[in-house]
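First up is the structure itself, then whatever we jot down about it.
The values are calculated or read from the model by the stated rules, or taken from the named source; none is laboratory data. What you see is a predicted model, and the numbers here were worked out from it, not measured in a lab. Note that each Cβ is placed from the backbone with ideal geometry, even for glycine, and that neighbours are counted across all protein chains shown.
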Amino acid sequence: MMSDSFRQNLSTLEVFPDEIFLELFSFIKPIDLFRGFVNLNSRLNHILNDIHICIDIINDDENEDYQLCLNYFADQVIYLAIDCHWSCLSYNISLQSFINLRSLHLPMPTTKQCFEITPMNFPFLTNLTIHDSAFKSILLSSYSFPNLVTCCIPRVYRAVSNQIGPMESCLTLHSLQLGSYSIMNLFNILPYLPNLNSLEITLQSNNRTIYQSYIKENKISHLKVKLRKLDPDLDILLKSMPNLRRFEFLWNELYQSYNERKNFDFKKFSDILGENSSSLKRIDIDIHVSKCDYDIDNSIHHLNLQWFSSLSKIEISNDHSFFITTRNLSSNANEKMITTLLQSTYIRQRMYVLIELK
């Protein structure tokens, strides 16, 4: 049998200071914290009640425990991402209890959840990802969020201007990401975002005459654009932003239909930049062109290298296409790196997990 003195010298979990627990808990998923530590003792409960919680729901594998976990940590959750369609969950998630939420990623909300996204329920919300059907009612309504800085709409199915009801300006928004949006609809909403300084957009091909060339978005200093048509969309877009400081351009021919696919016009691209580069301080490009039937080196020479700190050309061995980028890459970059880079040239991977319902 162990002596009393030996028992007294045995270390226990409780000898750790609170700081160690806080550090440890930061590496453990909320569901595992809930299962492993909640109600073990009063001290651990007090520590658990002092931490910030980030939750990402991608499936319904652990529905009962996850629902209990959400209810227990609700007022401590500062980041909530629901990356599956609401019909895939066996339980309903009400947003009203997440009163301290800072970031909400909800690309496929229920109608009830849309009504719950209000400044009263989320006074500290700074970052929002939302479906376009709720975009206007949440962002451009008369009840503005006092701290909302960043908004992302990964799928846009309709023009915001066609939605019913008046729009109000959102004065706090500084950064906006739009997936697959037309330049016409873009010009319709930009006047309602007077303090926007960063815009990321996948631009749809435009076949209509644009008369909004007089529009000047003087606050926008950073533009990241993915498009399928250089002329006239890119020229019009750049002319509308006379104080642009940083420009990121992304082109991937694999995302074009076969009939639209043709050699990338480096000269046209260079001419457009030359006409609209007076305020630019930094230009970054990621251009992926399919197997070329022209001299890629001579075409690249049309670019003014003074715009770029570096320029790399990499041939992708499996299909003999080319990747031209300002990223600092070695010529023997492996296929995995190239794949990662090509994926990064379009809106973040998170946006492609969405389920499109007919």
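Take the residues in segment 108-148 that are aromatic (Phe, Trp, Tyr) and touching a residue at least 12 places away in the same chain (Cβ under 8 Å), then tell me which one is surrounded by the fewest Cβ atoms within 10 Å (Cβ to Cβ).
At the first step, the residues of segment 108-148 found to be aromatic (Phe, Trp, Tyr) are 115, 122, 124, 135, 143, 145.
Checking which are touching a residue at least 12 places away in the same chain (Cβ under 8 Å) leaves us with 122, 124, 135, 143, 145.
Numbers: 122: 24, 124: 15, 135: 21, 143: 10, 145: 22.
In this case the residue turns out to be 143.
Counting just the residues of segment 149-172 that are touching a strand residue (DSSP E or B) at 6+ places or on another chain (Cβ under 6 Å) and modelled with pLDDT of 90 or more, which one comes out surrounded by the most Cβ atoms within 10 Å (Cβ to Cβ)? Steps first, answer last, please.
Taking segment 149-172 and keeping what is touching a strand residue (DSSP E or B) at 6+ places or on another chain (Cβ under 6 Å), we get 150-156.
Those left that are additionally modelled with pLDDT of 90 or more: 150-152.
Details: 150: 16, 151: 23, 152: 21.
Out of the qualifying residues, it is 151.
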Next on the checklist: Exactly one of these conditions fails for residue 85: (1) closer than 18 Å to residue 28 by Cβ; (2) in contact (Cβ under 8 Å) with a residue 40 or more places away in the chain; (3) of a type outside the set (S, T, N, Q). Give me its number.
Outcome noted: (1)
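Give me a count of the residues in segment 55-76 that are within 20 Å of the chain's Cα centre (by Cα) and crowded, with 17+ Cβ neighbours inside 10 Å. Step through it out loud before you land on a result.
Start the filter on segment 55-76 by keeping residues that are within 20 Å of the chain's Cα centre (by Cα), which leaves 55-58.
Retained after the next criterion (residues that are crowded, with 17+ Cβ neighbours inside 10 Å): 55, 57.
Number satisfying all stated conditions: 2.
Which count do you get for residues in segment 292-332 that are under 30 Å from residue 278 (Cα atoms), modelled with pLDDT of 75 or more and surrounded by 12 or more Cβ atoms within 10 Å (Cβ to Cβ)? Break it down into steps so the answer makes sense when it comes.
The initial filter retains those residues of segment 292-332 that are under 30 Å from residue 278 (Cα atoms), namely 295-314, 322-329.
This time we only want the ones that are modelled with pLDDT of 75 or more, so: 295-314, 322-327.
Remaining after also requiring surrounded by 12 or more Cβ atoms within 10 Å (Cβ to Cβ): 296, 299-304, 307-308, 311-314, 322-327.
Total satisfying the criteria: 19.
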Item to check | Number of positions in segment 214-269 that are among the charged types (D, E, K, R), modelled with pLDDT of 80 or more and in a helix (DSSP H, G or I) | outcome: 5
Item to check | Matching residues, segment 173-196, being modelled with pLDDT of 90 or more, within 16 Å of residue 225 (Cβ to Cβ) and in a loop (DSSP other than H, G, I, E, B) | outcome: 196
Checklist entry - Of all residues in segment 17-43, which are small (Gly, Ala, Ser) and assigned to a helix (DSSP H, G or I)? => result 36, 42
